[in-house]
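Report on the structure given below.
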Amino acid sequence: MIRIPCPHCGPRNSDEFSYIGEEKRRPGPDTSPTEWRTYLYSKSNPAGWTTEQWFHAAGCGKFIVAERHTVTNEVRATRPKPRFERSNAGAEAGGGSS
Amino acid sequence: MGVARAGSDLRPAARRFIHLRGAASDGQRKTTTYSAFSLLRHGLTHEKWQRAWREHEVASAYDAVIVGAGVHGLATAYYLAANHNMRRVAVVDKGYVGGGGSGRNTAILRSNYLTPEGVRFYDRSMTLYSTLAADLNFNVMFAKRGHLTLAHNDGSLRTMRWRAEVNKLQGVESEVIAPEEVKRLVPFMDISSHTRYPILGALYHPPGGIIRHDAVNWGYARAADALGVHIHQGTEVLSIGVVDGKVTGVTTNRGEISSPIVVNCTAGWASLVSSLAGVSLPIITHPLQAAVTEPVRMFLGAVVVSGSLHVYVSQTDRGELVFGASTDPYPSYSMRGSLAFTEELASHVLELMPSIAKMRVLRQWAGLCDLTPDFSPIMGTTPVEGFLVDVGWGTYGFKAGPAAGEAMAELVATGKTPELISSFGLSRFGDGLLVGERGAAAVGH
């Protein structure tokens, strides 16, 4: 269990959040099916610092971006998710729900 | 309790283990056969047992290098030597034999999956497991106890009927049974209708059971060693050489090895090892925690699994109850236990079996699960020639060890992907041909 400092609510237990996925850019509508699938399925899955999206389900109900170390689970920075990127979230969901 | 086998503690422990297990090199000796007679002789004479496998110097070249000395890596090496007479094979591992997922799983065997490809594949593994003790001359303690997957709602009952029919078509024994029959198999189960998650029925899979996972690892290591395979513990792969899209070998902390074939048989580190060869995988790594209780007299015959309650329980031959749960809710390479896990697990188990409320948990631990988008593994070739993968084993790797090893060995030896694993290639993600096993493998998710 880890503590995530929500940019809107302050430090909260990770149980309040849903993990969404690695932060990556959604390709344009003219992308080929193979590239789409690469975007959907391919993960960098690093052992170290990673930038990822979380959803504060039991808090402010907003998507946030966090920098987390996947070996120590330390969270060093969080920021609000900019609105215009929000369409990313749905495509990356999955695997995070328990 | 608390942290069990955390990552940072692993190395000194691994060194001690290696020192104890195989420090002496006794050259080209013959592996003695275990039998009732040899046991009696050793009991009477107190002579030292021969080491189960040897230590070797790392050679500069092998015909194949297998990364990861768990059940998959060791089985691949064993079948390469036994079925295809390829004996210049090295198995390298940065830790010790069976120290990763192969020693951290809950040792449940079953083949009642959802897709025909999955059922056929896991059934082959069950067949190999059935005779493994005799094949390896090593008691792997396979106990066919019967396997029950409980349904707590109409949706899961429907999936179970579906699974039962797919299983029967593939010749695998599997049937949906009523709560009363569940009670007959497991008398301690609460099948009353007033519980939070009442039991509506179960998928009963009689061939399912449990096995001693360490014995499987050690048995494969000993048998592979006897056939001339080199097992290098404490040998970490630092880089993988690729020239013109072809594998040339690996660099380890114990020197360079040239080899035309490198097989990635790691779990938990699959993405990291593959990235050394420049191959990207659709894998995310989640920890999964498990726990055992103090040993008590045998009372739980079958393996009991509940998808809705995210728990699976079995009783070992020693009498301990082994519990597994869902994967942790976010990806991580940390293998720390958490209080949240223990609390949730206890409440779910007591929901099913209130009578075990006073049993104490002895220890808990975590292992790493490489999850793929379709909950099926990835086996076969990659865009890099000579670099093969046997990865993405999520929560189902241990039960697949023998079949995966046999198929990967055939692929290495013949260069052709066996039909049994042809649906599980890495290219299926780009081609959009996923093998969806979520309905049968997702208890742990």
Next item on the list: Answer with yes or no whether residue B:177 is at negative phi and free of Cβ contacts under 8 Å to residues at least 40 places away in the same chain.
Entry: yes
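Can you spot a residue in segment B:266-279 that is under 30 Å from residue B:386 (Cα atoms) and more than 14 Å from every other protein chain (Cβ to nearest Cβ)?
Scanning segment B:266-279 turns up at least one residue that is under 30 Å from residue B:386 (Cα atoms) and more than 14 Å from every other protein chain (Cβ to nearest Cβ).
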Checklist line | Extreme residue, surrounded by the most Cβ atoms within 10 Å (Cβ to Cβ), among residues of segment A:15-33 that are without any contact (Cβ under 8 Å) to a residue 40 or more places away in the chain and within 14 Å of chain B (Cβ to nearest Cβ) | finding: A:31
Item checked: Condition met for residue B:124 (among the basic types (Lys, Arg) and either without any contact (Cβ under 8 Å) to a residue 60 or more places away in the chain or part of a helix (DSSP H, G or I) (or both)) -> yes
Note to self: Could you check segment B:255-293 and list, in sequence order, the residues that are assigned to a loop (DSSP other than H, G, I, E, B) and closer than 21 Å to residue B:217 by Cβ?
What the structure shows: B:265, B:266, B:267, B:268, B:269
Next item on the list: Determine whether residue B:238 is in a strand (DSSP E or B) and buried (at least 23 other Cβ atoms within 10 Å of the Cβ).
Entry: no
Item checked: Pairs, first away from every other protein chain (no Cβ under 12 Å) in segment B:327-355, second of a type in the set (Gly, Ala, Ser), C-beta under 8 Å, six or more apart -> B:345/B:291; B:345/B:325; B:348/B:306; B:348/B:325; B:350/B:357; B:352/B:306
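Residues to consider are B:305, B:322, B:296, B:243; find the one that is β-branched (Val, Ile, Thr) and without any contact (Cβ under 8 Å) to a residue 60 or more places away in the chain.
Working: B:305 fails: without any contact (Cβ under 8 Å) to a residue 60 or more places away in the chain; B:322 fails: without any contact (Cβ under 8 Å) to a residue 60 or more places away in the chain; B:296 fails: without any contact (Cβ under 8 Å) to a residue 60 or more places away in the chain.
The unique qualifying residue is B:243.
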Item checked: Failed item, numbered, when residue B:411 is tested on (1) within 17 Å of residue B:125 (Cα to Cα); (2) touching a residue at least 40 places away in the same chain (Cβ under 8 Å) -> (2)
Margin query: I'd like the residue in segment B:308-337 that is at pLDDT below 90 and out of contact with any strand residue (DSSP E or B) (no Cβ under 7 Å at 6 or more places or on another chain) and, out of all such residues, is surrounded by the fewest Cβ atoms within 10 Å (Cβ to Cβ).
Written below: B:308
Note to self: Please verify whether residue B:395 is within 13 Å of chain A (Cβ to nearest Cβ), modelled with pLDDT under 95 and closer than 15 Å to residue B:102 by Cβ, treating the condition exactly as stated.
What the structure shows: yes
Margin query: Taking the condition of being in a loop (DSSP other than H, G, I, E, B) and more than 16 Å from residue B:251 (Cβ to Cβ), how many residues in segment B:49-64 meet it?
Written below: 10
Check: Counting residues that are in contact with a Leu (Cβ under 8 Å, 6 or more places away or on another chain), farther than 15 Å from residue B:332 by Cα and not charged (D, E, K, R), which strands (runs of 3 or more DSSP E) fully inside segment A:13-89 reach at least 2?
Finding: none
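The values are calculated or read from the model by the stated rules, or taken from the named source; none is laboratory data. Please read all numbers here as calculations on a predicted model, not as lab measurements. Here Cβ is always computed from backbone atoms with ideal geometry, including for glycine, and neighbour counts include all displayed protein chains.
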